[in-house]
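K.L.:
Got a structure for you, questions after.
Nothing in this text is a laboratory measurement; each read-out follows from the coordinates by a stated rule. Treat the numbers as computed from the prediction; the structure is a model and nothing was measured. Cβ: placed from backbone, ideal geometry, glycine included. Neighbour counts: every protein chain shown.
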Amino acid sequence: MAFSTDTSNVLFQLAVRFVNQTNRHLFLTGKAGTGKTTFLKYIRDNTFKKLAVVAPTGVAAINAGGVTLHSFFQLPHGSFIPVHQSGWNSNSSFNTPHTLLTNLRLNNDKKRLLQELELLIIDEVSMLRADILDEIDCILRHVRRKQWEPFGGVQMLYIGDLFQLPPVTKSEEWDVLRQYYRSPFFFEAQALQQKPPLYLELKKIYRQHEQEFISVLNNIRNNTTTDEDLNLLHKHYLPGYERAENENYITLTTHNARADTINQQQLNRLPGELIEFRAEVSGDFNERAFPADQLLPLKAGAQIMFIKNDKGESRRFFNGKIATVSRIAGEEIYVRLEGDEHEMLLEKETWQNIRYQYNNEEDKIEEEEVGSFKQYPIRLAWAITIHKSQGLTFEKAIIDAGASFAPGQVYVALSRLTSLSGLVLYSRIHPGSINTDERVLAFTRLEREEDQLAQELQREQEIFLTRSLVLTFDWLKLAEGMQMHFEGYESRQIPDKNTCVLWAKELLDAVLKQQEMADKFTRQLEQLLPRAPEDGYQFLQQRVMAGSAYFLQAMDVMETSIKDHIAAIKVKPKAKKYVSTLQQLLLLPQRKKQQLQQALQIIDGLVKGVKAADLLAQVEENKRSENIQTIAEAESKPVKAQRGESNRISLQLFKEGKDLREIAAIRNLAPSTIEGHLIPFISTGEIDIKDMVAADKLAVILQAVEALNGENITLTPLKEKLGDAFSYTEIKAALSYRDWLQVSKAAD
């Protein structure tokens, strides 16, 4: 079920569009309680990009519903030096690009997963070190064969709050790493210097509602704390405060041992029997990633907190909500929330340990459960460490930090609270303990105003659209798929193997020729794109239509060839597995045809002046429709006419001797639309150029094209050179004929 959002939260909605409608890297941050977790869940449910969610630690990954960075990328132990150095050997605790890639052992499934990945979400990025991010960048560039693009072209979404606790780096490691990084924070990674993420901070606070308290927290974050701020906090300085029995305070302390001692002492003071509830662990689930206590000790009267949000409409509790165990009856635990007279029967929660895999048939990245952890979603909560409190919300808290506040701890501890009225300080806060790292503050200055973000979004949407046109003619995936299929014959045991090998070789050769043409065509599009708006994208449309027509025909030929081969081979014995392989191969031309049709839709919209945002919304709607309609539904329902069929109708009428205006009248369409239907068929050889342009005029147009030097020409200067004696239709037709000539030469 899709996650609902606050539509009045403008920054939230902007961030969604940056993720879904651009390829811009994004750092999404925000103060505690601004909805970062909600944003992550919303994107998971509402994007059509192939994504994976990762986090630096096992617990963070489980809570985010993803996997650890180390397991996803199979990262080796040790730190990473982002330069090639001969002095580092395999026994060193430091990895380099050379040692990393030399020792990288990814099976074909993992490689395919990384190659298909479009969006990588890193949650709790404040804990991620810069060198590990560079390690990820190195792997993605290598596996995706895009050395010139940061992260191999994968869009990166970083989520976290840098004002919380910094990444952990051992002193001996940092002594070496400091030569390459200004700080351990993720934003110092060298990969980000080439393409820094857009900084977007959620502002609307859902946790705190007291403006005075919000102001204090903002000042702590920004290193602008005043004496008035400290005086306000110290009004809650109550050393030695003893909580009353009915006061559900939780103590936030700096060390695990202190928190464990408080919890154990309080539990021992309670009368009654101690009962332990053991978690049910199945499959693969690392102990270090357990999201709750494997052995949960409880007594009636114990103070607990929930470690997960309630599901359903009522939402009785949230992550960090304090409650009291009212009674235990066998395996049943009853709790009472503060201010509620009624008991609530607890239900166990199941956490999944997943792994990602690429589903070729459905062209999507899926989650597969490999292990599970089932336990009551609570823990003892008289005390917790400040570190473990990150992401939680408390109504009442005693902060017991003594003099051991580390940078970031003051902010983390205070920002857990919903209001100042629930605060008790066991020790005073000294100004020196709340200094925010200046490097973090410098990074936050990259933040832009809402109107600037809106303008940036529009630019990035336009770039995303035009880049998608170019990527339509990227033949690498199709060529590699055919290459892998051909190489697979070495190990296949199939009937009439030699005939199959020769068939596959012929198909591979055709695809490799197409790849050469596609590479040339993409280079031409790259040249045309900067000036495409000058003539309203008309010349670009002509080129895209011509290219699409040629390659659509090539895909039709490839699809027919595979289907014919399947029909011939499936009647033979021991061919079932091979036929299944061929059916997977058939998806390659079918998906490329979908891409080409989408490119035609995009360029048509650009020519008509449709805004980039509206075009992208239409693309998303098309994908939504594709996801909803199953294969079974597609077979049982009437199939909607394909876009190319309309062009074919116009072609048939033209071959019957009717001109553009007659066809337009018959079909109740504009002559320019019919022109758009017919001209691409010149580049495929299905319409003779002489039927649309007189031979003497054709010669003049082609001479004018050559005189303009090169392929990067637009209609406007060509029309100006030729004069009124030549129509735009004749010029477009001549250019389409020129495309046919180039294709024919390349094929020879």
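K.L.:
If I model a spin label as a point 7 Å beyond the Cα along the Cα-Cβ vector, how far apart are those points for Gln527 and Glu331 in nm?
P.N.:
Modelled inter-label distance: 7.3 nm.
K.L.:
Compute the signed sum of charges (Lys and Arg +1, Asp and Glu -1) over the other residues within less than 13 Å, Cβ to Cβ, of Thr96.
P.N.:
Local charge sum for Thr96: -3.
K.L.:
If you take the beta carbon distance between Gln483 and Leu232 as r and set R0 to 60 Å, what does 1/(1 + (r/R0)^6) give as a FRET efficiency, to the nearest 0.05?
P.N.:
Step by step, r from the Cβ atoms, then E = 0.30.
K.L.:
Below 8 Å, C-alpha to C-alpha, sequence gap of six or more: please give me the relative contact order for the chain in percent.
P.N.:
12 percent
K.L.:
Here's another thing I want to ask about it. Place a +1 charge on the Cβ of each Lys and Arg in the range 289-415 and a -1 charge on the Cβ of each Asp and Glu, then give the dipole magnitude about the Cα centre in debye, rounded to the nearest 20. Write down the numbers at each step before the final one.
P.N.:
Working: 15 positive and 20 negative charges, 134 e Å.
Using only the charged Cβ atoms, the result is roughly 640 debye.
K.L.:
Grab the Cα-Cα distance for Gln493 and Val10, subtract it from 0.36 nm times how many residues apart they are, and report the gain in nm with one decimal.
P.N.:
That works out to 168.0 nm of additional length.
K.L.:
Under a straight-distance cross-link criterion of Cα-Cα below 25 Å, which lysines are reachable from Lys374, leaving out those fewer than 8 residues away in the same chain?
P.N.:
The reachable lysines, counting only those whose Cα sits under 25 Å from Lys374, are Lys41, Lys299, Lys308, Lys311, Lys321, Lys348, Lys388.
K.L.:
To continue, here is another question. Looking at Tyr356, Tyr334, Ala61, which one has the Cα that reaches farthest to the positive end of the dipole of the chain (charges on Cβ: Lys, Arg +1; Asp, Glu -1)?
P.N.:
Tyr356
K.L.:
Order the peptides 137-146, 261-270 from the highest to the lowest mean number of other Cβ atoms within 10 Å of their residues.
P.N.:
Result, highest mean first: 137-146, 261-270.
K.L.:
Can you spot the aspartates and glutamates whose alpha carbon is less than 17 Å from Lys195's alpha carbon? Ignore those fewer than 8 places along the same chain.
P.N.:
In chain and number order, the partners are Glu118, Asp131, Asp134, Glu135, Asp137, Glu149, Glu447, Glu456, Glu460.
K.L.:
OK, next. Under a straight-distance cross-link criterion of Cα-Cα below 18 Å, which aspartates and glutamates are reachable from Lys690, leaving out those fewer than 8 residues away in the same chain?
P.N.:
Reachable aspartates and glutamates: Glu656, Asp659, Glu675, Glu730, Asp739.
K.L.:
Follow-up. State whether the range 211-435 is rounded, prolate or oblate according to the following rule on the C-alpha gyration tensor (a ≥ b ≥ c being the square roots of its eigenvalues): a/c under 1.5 gives rounded; otherwise a/b larger than b/c gives prolate, and the remaining case gives oblate.
P.N.:
Verdict is oblate for the range 211-435.
K.L.:
Could you work out the percent of alpha carbon pairs in the range 461-640 separated by over 28 Å, rounded to a whole number?
P.N.:
Summing the P(r) tail past 28 Å for the range 461-640 gives 36 percent.
K.L.:
Convex hull over the alpha-carbon atoms of the range 10-204: what's its volume per residue in Å³?
P.N.:
Cα-based convex hull of the range 10-204, divided per residue, equals 119 Å³.
K.L.:
Right, something else. Arrange the peptides 696-707, 604-615, 339-350 so that the one whose residues have, on average, the most other Cβ atoms within 10 Å appears first.
P.N.:
Final packing ranking: 604-615, 696-707, 339-350.
K.L.:
Let me ask something else. Quick one: Cα centre-to-centre distance for the range 429-463 and the range 336-381, in angstrom?
P.N.:
Answer, in whole Å: 34.
K.L.:
Another question, then. Here is the link list: Lys170/Lys203; Lys111/Lys593; Lys505/Lys576; Lys513/Lys577; Lys31/Lys235; Lys111/Lys611. Which ones come out longer than 27 Å on Cα distance?
P.N.:
Lys170/Lys203; Lys513/Lys577; Lys111/Lys611
K.L.:
Work out, in µm²/s and without decimals, the Stokes-Einstein translational diffusion coefficient of the range 654-742 at 10 °C, 1.306 mPa s, Rh from Kirkwood over C-alpha pairs.
P.N.:
117 µm²/s
K.L.:
How many percent of Cα pairs in the chain exceed 49 Å? Don't skip to the answer; put the middle values down first.
P.N.:
Numbers: 86276 of 279378 pairs.
Every Cα pair in the chain considered, those over 49 Å come to 31 percent.
K.L.:
Want the number for Asp696 to Leu274: 0.36 nm per residue separation, take away the alpha-carbon distance, what's left?
P.N.:
That pair, Asp696 and Leu274, stretches by 141.9 nm at full extension.
K.L.:
For the range 127-210, just run the numbers: alpha carbon Rg, then divide by 2.2 N^0.38 Å, N being how many residues it has.
P.N.:
Working: Rg = 15.3 Å, N = 84, 2.2 N^0.38 = 11.8 Å.
So the range 127-210 has a normalised radius of gyration of 1.29.
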